[in-house]
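Nothing in this text is a laboratory measurement; each read-out follows from the coordinates by a stated rule. Remember, it's a predicted structure, so these values are computed and weren't measured experimentally. Glycine also receives a Cβ, built like all others from the backbone with ideal geometry; neighbour counts cover every protein chain displayed.
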Amino acid sequence: MDKPMKVVVTDYGFPDLEHERQILEPIGAKLHAFQCRNELEVADHCKDADAVLTQWAPVTAAAIEQMEKCKVIVRYGIGVDNVDLEAARNKGIPVVNVPDYAIAEVADHTFGLLLSSVRKIPQVVNKVRRGEWEIAPCRPIEGLQGKRLGLAGFGNIARAVARRAQIFGMEICAYDPYLSKEQISEFGATKVEWKELLQQSDLLSVHLPLTEQTRHIFGEEAFGMMKSSAHFINTSRGGVVDTLALEQALVKGEIAAAALDVLEVEPIDANHPLLQLEQCLVTSHCAWYSESSLIKLQAYAAEEVKRVLEGNSPKHIVNGVKG
């Protein structure tokens, strides 16, 4: 009997891996699941893997170099900043993501944060719980109609956010150096340059990947250029924001408020200064989550592994290596 193909799950935050097993075991693959916390553990467990599934564990160049026969690395999710793409490319291993499993969920959560921030819903709820019943609490509270929503990045999620904003009567502008004016206008948005995005947006929602170019792109200079009345929303990657610069911008009143689902360091410490600011809302990197998106994420990732192990090409290669 042939030895089963080894599929290593470096780490996962799911209740179980039954979806993966149902998809991969029928083709002769066996799942080996771990909760790796560093590159040494990843290297040790993935050394003889035929395929790797990873969520947050650091799949570094050192770990990839130890892989003897890996045919594919699949990231549970859209971002792939925990995987060294160049090292995998040099090793001839395709890196694959799952870009389309939770577009609606993240867009919904983004808009939920936006509404909560602008309408100050959490603050009002807390007042009511304290017995403070006011007709006009937490002033100023604004409406959305006619406000200018700026989108940093204009991929699938940003476009879904734009569609929701249009229903609320908002004006939409977008910064994306990889798209033309015509491509952006197809979705009812106006293409703007970086400085325009910062200076003109009443609300600014971030939808950027984390790369060397985007790390800390929202720092002291960027926040200093924004309106003092602006609301800042980030559901993309925590590393695109300089956390200390954001904290200072909020304290100094350089921007009015922030609503975040992602942070540079997760989980955030319960005593972190951002959590002491009433004008800063933080959720637990859960924008992607729904019962259906969880199933899609696990199944889509496993299907990509299955394609490669059966000799086919994966759908969503992000490092240019053909499967």
Given points 7 Å out from each Cα along the Cα-Cβ axis, report the TYR178 to SER229 separation in nanometres with one decimal.
3.4 nm
Which distance in nm do the two modelled labels at ASN38 and ILE141 give, with both placed 7 Å along the Cα-to-Cβ direction?
5.0 nm
Debye calc, one equal point scatterer per Cα of the range 172-227, no solvent, log10 I(q)/I(0) at q = 0.13, 0.27 1/Å comes to -0.34, -1.22
Relative to the present Cα-Cα distance, how much length would full extension add between GLU68 and ILE317 at 0.36 nm per residue of separation?
87.6 nm
GNM of the chain, Cα pairs under 10 angstrom: of GLN145, GLN213, GLN183, the biggest fluctuation goes to GLN213
Taking trypsin sites (Lys or Arg not before Pro) as exposed when DSSP calls them loop (any state but H, G, I, E, B) and at most 13 other Cβ atoms lie within 10 Å, what is the longest stretch of the chain free of them, the sites themselves excluded?
131-321
Could you state the per residue volume, in Å³, of the convex hull enclosing the Cα atoms of the range 103-282?
116 Å³
Could you compute the FRET efficiency for THR211 and VAL128, with r as their C-beta to C-beta distance and R0 at 51 Å, rounded to 0.05?
0.75
Long-range HN-HN contacts of LEU53 with modeled amide H, under 5 Å
VAL8, VAL9, THR10, VAL74
Starting from the eigenvalues of the Cα gyration tensor, five times each then square-rooted, give me the equivalent ellipsoid semi-axes of the chain, largest first, whole Å.
39, 21, 18
With r defined as the distance between the Cβ atoms of ARG21 and CYS286 and R0 fixed at 25 Å, what FRET efficiency is calculated, to the nearest 0.05?
0.50
Straight distance only, please: which lysines reach the Cα of LYS296 with their own Cα at less than 18 Å, same-chain residues fewer than 8 apart left out?
LYS306, LYS315
Using label points projected 7 Å from each Cα along Cα→Cβ, tell me how many nm separate GLN166 and ASN271, to one decimal.
4.9 nm
With 21 Å as the cut-off, how large is the P(r) tail for the range 91-175, expressed as percent of Cα-Cα pairs?
46 percent
D for the range 196-323, whole µm²/s, Stokes-Einstein with Kirkwood Rh over alpha-carbon pairs at 37 °C and 0.692 mPa s: what number?
197 µm²/s
Gap in Å between the Cα centre of the range 178-240 and the Cα centre of the range 290-322?
30 Å
Mean ellipticity per residue at 222 nm, deg cm²/dmol - from DSSP H runs of n ≥ 4 across the chain, formula -39500 (n - 2.57):
-10000 deg cm²/dmol
